[in-house]
Amino acid sequence: MLEARNLTVKYGADTALQGFSCRVKAGECVALTGENGTGKSTALKAIMGLVEYAGGVLLQGDAIDHLPTHKRARAGLIYVPQAQCVFPSLTVAEHLQLWGADRSVTDSVPALVGRHSQLAGSLSGGQQRLLALVGARVRCQSMTGATPFVLLDEPVTGLSVTAKDEIVQQVLLLKAAGAGVLVVEHHAAFVAAVADHTVVLAEE
């Protein structure tokens, strides 16, 4: 289980996140929704150790607040940001080589078929997010002795209906593989399709 306890993030005198708590179990998806400015993306960054915070983050019952981001990643956390989620100067094939995966993992994703030689930076926004989700799925499958938890920041915002549907399928595959998913998203149909529970953040 991944658990956030009473997380608070401040940037100077401004409070970006106040008293956030949630739990995500293996094989389930929890969606964070709410108005802009309520700290949804900040919550993911705090869990990943990308920003300083007060409160606690536990992974399988163990506190990981002392761990830097790269060690949280080794422990099982996978963060997929909304932007800059791939290496723009690498091709799709080079991403697969980096992950130790073969082409079959992208051949099952219609939007990525036939694009192995294409630079990731030239892919559409939806294709980039799909490639990042393929990478997350590969990493989940390669983990031994640790339950992976994937943190997704607005994966379908601004995408076409077709791209949204493909991303829904990738999230469902992550859940089926036993990964826990914590996703920030305000698109109601997407949340209904993938989420087992929803946490609504509101301004204090």
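Among the residues of segment 33-63, just one is within 16 Å of residue 8 (Cβ to Cβ), at pLDDT below 95 and surrounded by fewer than 15 Cβ atoms within 10 Å (Cβ to Cβ), namely 37. Taking the criterion of being closer than 21 Å to residue 104 by Cβ and in a strand (DSSP E or B), the only residue of segment 132-157 that qualifies is 150. The sole residue among 115, 129 that is without any contact (Cβ under 8 Å) to a residue 60 or more places away in the chain, within 17 Å of residue 93 (Cβ to Cβ) and of a type in the set (Lys, Arg) is 115.
Exactly one residue out of 103, 5, 23, 74 is without any contact (Cβ under 8 Å) to a residue 12 or more places away in the chain, surrounded by fewer than 18 Cβ atoms within 10 Å (Cβ to Cβ) and basic (Lys, Arg): that is 74.
One line per residue, one yes/no per condition, for (1) aromatic (Phe, Trp, Tyr); (2) modelled with pLDDT under 95; (3) under 20 Å from residue 49 (Cα atoms):
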| position | (1), (2), (3) |
| --- | --- |
| 152 | no, no, yes |
| 157 | no, yes, no |
| 162 | no, yes, no |
| 175 | no, no, no |
| 181 | no, no, yes |
| 194 | no, no, no |
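For residue 168, the criteria (1) assigned to a helix (DSSP H, G or I); (2) modelled with pLDDT under 95; (3) among the β-branched types (Val, Ile, Thr) hold in every case but one, which is (2).
Out of 57, 9, 30, one residue alone is assigned to a strand (DSSP E or B) and within 14 Å of the chain's Cα centre (by Cα). It is 30. If the condition is being over 13 Å from residue 46 (Cα atoms) and of a type in the set (A, V, I, L, M), then segment 7-25 contributes 13, 24.
Kindly indicate whether any position in segment 134-141 is within 23 Å of residue 89 (Cβ to Cβ), among the aliphatic types (A, V, I, L, M) and touching a Pro at 6+ places or on another chain (Cβ under 9 Å). Taking every residue of segment 134-141 in turn, at least one turns out to be within 23 Å of residue 89 (Cβ to Cβ), among the aliphatic types (A, V, I, L, M) and touching a Pro at 6+ places or on another chain (Cβ under 9 Å).
The values are calculated or read from the model by the stated rules, or taken from the named source; none is laboratory data. Just so it is clear, the model here is predicted, and its values are computed rather than measured. Ideal geometry is used to build each Cβ from the backbone, glycine not excepted, and the neighbour counts take in all protein chains shown.
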